[in-house]
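**Student:** To start, I am sharing the structure in question, which I have written as structure tokens.
The values are calculated or read from the model by the stated rules, or taken from the named source; none is laboratory data. None of these values were measured; they are calculated from a predicted model. Neighbour counts are summed over all protein chains in view; Cβ atoms, including those assigned to glycine, are modelled from backbone coordinates with ideal geometry. Just so you know, the surface numbers come from the protein's heavy atoms only, side chains and all, with ligands and any DNA or RNA stripped out. Shrake-Rupley method; radii C 1.70, N 1.55, O 1.52, S 1.80 Å.
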Amino acid sequence: MELFKAKAPYEERKRELLKLEKRWIQKTKTPAQRLAVQRIIAKTILTEAFGFDMPWKEFGRWLRRIQQLGFRDLGGRVHVACLYVQSLHLFPRQAREAWEMLKDAEQRALRLRRDRPLRQEHLESIAHAKKVARVPSPLLPDR
């Protein structure tokens, strides 16, 4: 938290988060706990990469890591897809994949029951990402 308050550079934040991951993993007792720690750290680093406008080499590395680890829940999937689409101005060649990921997240959110509060929250996040994205979707509109 000190690094965030001190506005430390990305590399320093990433380094400290990876150290934290190592410490937390040493304390885990099960593979599920280990996976949970890895997911939390990878998602946090991806969010930092987004905040610092990192290029594809760095952003993509953490995106792939998250995909490899899998998503714990729909909220994580929506968060990552929204960051991806909003970052496309830095790596527009990834547009098709990013927009497909966002579309998949939206379809999953739409399958939630209408009375679930998270459904609306996820859909609002997705709508915001679509609105502020600087690279348009190459996907054909749904018919």
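**Student:** Within the set of pairs 6+ apart or on separate chains, which have a first residue in the range 61-81 that is over 22 Å from Glu11 (Cβ atoms), a second that is open to solvent by 20 Å² or more (accessible area, probe 1.4 Å) and aromatic (Phe, Trp, Tyr), and C-beta atoms under 8 Å apart?
**Tutor:** As it stands, the answer is Arg77/Phe71, since those pairs meet every condition given.
**Student:** Can you tell me which residue among Ala8, Ala81, Ala42 is of a type in the set (A, V, I, L, M), farther than 24 Å from Leu112 by Cα and either open to solvent by 50 Å² or more (accessible area, probe 1.4 Å) or modelled with pLDDT of 95 or more (or both)? Spell out how you get there, then give the answer.
**Tutor:** Details: Ala8 fails: either open to solvent by 50 Å² or more (accessible area, probe 1.4 Å) or modelled with pLDDT of 95 or more (or both); Ala81 fails: farther than 24 Å from Leu112 by Cα.
That would be Ala42, the only listed residue that is of a type in the set (A, V, I, L, M), farther than 24 Å from Leu112 by Cα and either open to solvent by 50 Å² or more (accessible area, probe 1.4 Å) or modelled with pLDDT of 95 or more (or both).
**Student:** Right, next: Could you please find all residues in the range 12-34 being within 29 Å of Leu88 (Cβ to Cβ) and open to solvent by 90 Å² or more (accessible area, probe 1.4 Å)?
**Tutor:** Within the range 12-34, Arg15 is the sole residue that qualifies.
**Student:** Which one is nearest to Trp62 (Cα to Cα), of the residues in the range 26-40 that are of a type in the set (Lys, Arg) and over 20 Å from the mean Cα position of the chain (by Cα)?
**Tutor:** Start the filter on the range 26-40 by keeping residues that are of a type in the set (Lys, Arg), which leaves 27, 29, 34, 39.
Pick out the ones that are also over 20 Å from the mean Cα position of the chain (by Cα) and you get 27, 29.
Numbers: Lys27: 23, Lys29: 25 Å.
The selected residue is Lys27.
**Student:** Restricting to the range 84-97, count the residues that are closer than 15 Å to His128 by Cα, open to solvent by less than 30 Å² (accessible area, probe 1.4 Å) and outside any loop (DSSP other than H, G, I, E, B).
**Tutor:** Kept after step one, since they are closer than 15 Å to His128 by Cα, are these residues of the range 84-97: 84-88.
If we keep only those that are open to solvent by less than 30 Å² (accessible area, probe 1.4 Å) too, we end up with 84-85, 87-88.
Still in the running and outside any loop (DSSP other than H, G, I, E, B): 84-85, 88.
The qualifying residues number 3.
**Student:** With respect to Val37, is the statement that it is in a helix (DSSP H, G or I), surrounded by fewer than 20 Cβ atoms within 10 Å (Cβ to Cβ) and in contact with a Ser or Thr (Cβ under 7 Å, 6 or more places away or on another chain) true? It would help to see each step written out before you state the result.
**Tutor:** On the way: in a helix (DSSP H, G or I): yes; surrounded by fewer than 20 Cβ atoms within 10 Å (Cβ to Cβ): yes; in contact with a Ser or Thr (Cβ under 7 Å, 6 or more places away or on another chain): yes.
Criteria met by Val37.
**Student:** Which one of the conditions (1) of a type outside the set (Ser, Thr, Tyr); (2) open to solvent by 60 Å² or more (accessible area, probe 1.4 Å); (3) assigned to a helix (DSSP H, G or I); (4) more than 30 Å from Glu12 (Cα to Cα) does Pro136 fail to meet, given that it meets all the rest?
**Tutor:** (3)
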